[in-house]
Amino acid sequence: MKKLEVLLTLQKSKRDIFSLNDLKKLLRIENNNTAYVQANRLTSDGILGRITKGIYCLKDTRPGDFETANFLYKPSYISLESALAYYGILIQTPLTITSVTPKRAKKIHAGNREFTYSHLDQKYYSGYIREQGFIIATPEKALIDTIFFAGYGRTVIHPEEWVLTSIDKKRLKKLSEKIESRIFRNYFKSLNIC
């Protein structure tokens, strides 16, 4: 395939991020080594940009950090500090992109960004929506996730800095009742936010 054909094929896929396997399928390459060589050539030719090992994007359409976070470790959704900042609940924007996953906790460095994935039990892995090409917790669920991890000492929170005007307190209370943890419930109650 010529460079222009490759570019058009990748653009037609309507994807912003590609794994090596995605490139193999889209470009009809059978061999892993050939796919790797092709990806390197496309990167050298300025068609692809390398996000991290084996993950690429079209050079002229850099994906956002949240979309990248969802792609790097699946399944996951944006939550905790990143989601709270996105919704204006936290005033400061965190340097690390924070997500939760039912899989093992993980930290990934890609480019100049750090992506952290905190383990959340599968039974609590809910309360997220698709928004502008990425998956993110609802404002109330992001707050519940944050309080859950703080209750177990896995993160530090400063509730006095939260701007809760966009929070639906009834929905927050309803979500909190789904968490079957005495530690969480006691900690949630002590915050007195509902």
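The values are calculated or read from the model by the stated rules, or taken from the named source; none is laboratory data. It should be emphasised that the depicted structure is a prediction, and the values quoted were computed from it without experimental measurement. Don't worry about glycine lacking a Cβ; one is built from the backbone with ideal geometry, like all the others, and counts go over all protein chains shown.
Regarding residue 88, is this residue assigned by TED's automatic domain parsing to the domain that holds residue 17 and either surrounded by fewer than 15 Cβ atoms within 10 Å (Cβ to Cβ) or closer than 23 Å to residue 171 by Cα (or both)? Taking the combined requirement at face value, the residue does not satisfy it. Does residue 83 satisfy being touching a Leu at 6+ places or on another chain (Cβ under 7 Å) and either at pLDDT below 95 or buried (at least 18 other Cβ atoms within 10 Å of the Cβ) (or both)? When the stated conditions are applied, residue 83 does not pass them. Selection of segment 12-42 for residues being under 18 Å from residue 70 (Cβ atoms) and of a type in the set (Lys, Arg) yields 14, 15. Scanning segment 126-168 for residues that are in contact (Cβ under 8 Å) with a residue 60 or more places away in the chain and crowded, with 19+ Cβ neighbours inside 10 Å yields a count of 10. Among residues of segment 169-187 that are closer than 13 Å to residue 151 by Cβ, those with a Cβ under 7 angstrom from a residue that is outside any loop (DSSP other than H, G, I, E, B) and small (Gly, Ala, Ser), sequence gap 6+ or separate chain, pair up as 183/151; 184/151; 187/150; 187/151. Quick one: is residue 190 surrounded by 13 or more Cβ atoms within 10 Å (Cβ to Cβ), among the small types (Gly, Ala, Ser) and free of Cβ contacts under 8 Å to residues at least 40 places away in the same chain? No. For segment 139-166, the tally of residues that are within 21 Å of the chain's Cα centre (by Cα) and within 19 Å of residue 129 (Cβ to Cβ) stands at 9. When segment 15-62 is filtered for residues that are of a type in the set (A, V, I, L, M) and crowded, with 18+ Cβ neighbours inside 10 Å, the ones remaining, listed by number, are 17, 23, 27, 29, 35, 39, 42, 47, 48, 51, 55, 58.
Of the strands (runs of 3 or more DSSP E) lying entirely inside segment 77-194, those carrying at least 1 residues that are among the aliphatic types (A, V, I, L, M) are 97-101, 106-110, 128-131, 134-137.
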